[in-house]
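Only the coordinates and a few stated rules stand behind these numbers; no lab work does. This is a predicted model, so every value here is computed, not measured.
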Amino acid sequence: MSDLEKVTEVARLSKRLNDLTDRLNAQISSAEKQLRDGGVGLELWLPEPFTPVGDTDQWWLGWHKSNDGWGFYVREFDPAEVDPHDITARGPDALLDCGRAIRLAAFPCIEPLADLLGRRLSETLELFSEFQDDLPPVQDGPPPFRRAKAVDGEVPF
């Protein structure tokens, strides 16, 4: 194989890898959009970590809210450096902003995370069942405005 043939082969492999990565990203984006559109607003992290190929650090996948809204996020720690129970050591980082190896390793964890989210939402609904009839109905519009009481002639804002 000549040098040019090697370059051609590398370019072909790279194109295939990029095409598969685009498909992976589309699947992650679709799952994230479904949960967002469903209004899932419950932070939850899988209890079991995953380790990307070629990495020694462990990562957790979770459903988390940041300034950009709800989405899939990962947290990382190096077991040699950090207490394994302190999963806030590094992160959270948006899954789609992470490298390909992390996204690929996290992908199989999305279904178990969705299952756990569903169970937690069901448990929360069960808690409401005890007193749901006592809750007033939601009214359209913003909640009533309450003006703060003035103290020494000044409104505390």
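General observations
- Per-residue HN-Hα couplings for segment 57-62 [Karplus 6.51, -1.76, 1.60; θ = phi - 60°; Hz; x = Gly/Pro]: 6, 9, 10, 10, 9, x
- Fully extended contour minus Cα-Cα distance, from Glu9 to Val138, at 0.36 nm per residue: 40.3 nm
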